[in-house]
1. I'd like the full set of residues that are farther than 20 Å from residue 205 by Cβ and buried (at least 22 other Cβ atoms within 10 Å of the Cβ), limited to region 134-169.
2. Given (1) at pLDDT 95 or above; (2) surrounded by fewer than 17 Cβ atoms within 10 Å (Cβ to Cβ), where does residue 223 come up short, assuming only one miss?
3. Against the definition (part of a loop (DSSP other than H, G, I, E, B), touching a residue at least 40 places away in the same chain (Cβ under 8 Å), surrounded by 11 or more Cβ atoms within 10 Å (Cβ to Cβ) and among the basic types (Lys, Arg)), how does residue 24 come out, yes or no?
4. Would you mind finding the one in 70, 66, 76 that is over 30 Å from residue 202 (Cα atoms) and not in a loop (DSSP other than H, G, I, E, B)?
5. Got at least one residue in region 36-45 being in contact (Cβ under 8 Å) with a residue 40 or more places away in the chain, in a strand (DSSP E or B), buried (at least 17 other Cβ atoms within 10 Å of the Cβ) and touching a helix residue (DSSP H, G or I) at 6+ places or on another chain (Cβ under 7 Å)?
6. Applying the selection to region 226-236, what residues are part of a loop (DSSP other than H, G, I, E, B) and either surrounded by 17 or more Cβ atoms within 10 Å (Cβ to Cβ) or modelled with pLDDT of 95 or more (or both)?
7. Hey, could you check region 192-210 for residues that are surrounded by 19 or more Cβ atoms within 10 Å (Cβ to Cβ) and among the β-branched types (Val, Ile, Thr) and say which is nearest to residue 181 (Cα to Cα)?
Amino acid sequence: MASRLNEYQQPIGPAVDNWTPRERPARVTIEGVRCRIEPVDVERHAADLFEAYCQAADGRDWTYLFTGPFTDFAAFREYLVKAAASPDPLHYTIVDRATGKAVGTFALMRIDPAHGVIEVGSVTFSPRLKRTALSTEAQYLLMRYVFDDLGYRRYEWKCDSLNAPSRQTALRLGFQFEGIFRQAVVYKGRSRDTAWFAVIDQDWPQVRAGFEQWLASSNFDADGNQRASLASLREGSPRA
């Protein structure tokens, strides 16, 4: 893209006409086909979440998170009380509509309404949620809320650069890799280089179309196996 020039013949970025700050995300409920996203509610969700997380064989799912693992319910409930009260990160629970059980959480965080930038993080998916169509739908629903309902310009994903599964998930979901911030964070007594990914509003129509094609019932056989991958459907979708 050719740069514009100002009156001093300096290159400047594209104009953003009629921009106004966006609304902050709310404690909304978002209904999907397979799942429902709800604000974290300790009384309704704590027992289900703890039981779902206990399905894991060990604590490796918490290695790259700032909290956990939790081996007793009281400690987990204390963590969830703080999460439920936090405005940023703003935590949501993912409920499996087939069972009515809470199976994971994630959050909108580093919320910047003035510039239309927001991050999805604290992704804490139980074994009942990981690698399922339900988990993909949950990510789609939250991303759609941010872009279509709130009108944000940029949706970020960040993770420890050593967290290969998280990096792979970001790429699968349509985020573009933007680089490594060295020594960006200290957590759990260790240094973290942070990998940055993002979807911007120009990417969103193609990313959304890929999600919608992948989530369609026609994309799954009688055993629930996908017929086409998310990446292939996204790449086959027209760009904005």
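The values are calculated or read from the model by the stated rules, or taken from the named source; none is laboratory data. Keep in mind that what you see is a predicted model, and the values were worked out from it rather than measured. Heads up, the Cβs are rebuilt from the backbone with ideal geometry, glycines too, and the neighbour counts pull from every protein chain shown.
1. Across region 134-169, the qualifying residues are 134, 135, 138, 158.
2. Every listed condition holds for residue 223 apart from (1).
3. Taking the combined requirement at face value, the residue satisfies it.
4. When all the criteria are applied, what remains is 76.
5. Yes, there is a match, as at least one residue in region 36-45 is in contact (Cβ under 8 Å) with a residue 40 or more places away in the chain, in a strand (DSSP E or B), buried (at least 17 other Cβ atoms within 10 Å of the Cβ) and touching a helix residue (DSSP H, G or I) at 6+ places or on another chain (Cβ under 7 Å).
6. Hits for region 226-236 are 227, 228, 229.
7. 199
Every residue, every condition in (1) more than 21 Å from residue 135 (Cα to Cα); (2) not small (Gly, Ala, Ser), yes or no:
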| residue | (1), (2) |
| --- | --- |
| 16 | yes, yes |
| 34 | no, yes |
| 38 | no, yes |
| 49 | no, yes |
| 53 | no, yes |
| 56 | no, no |
| 60 | no, yes |
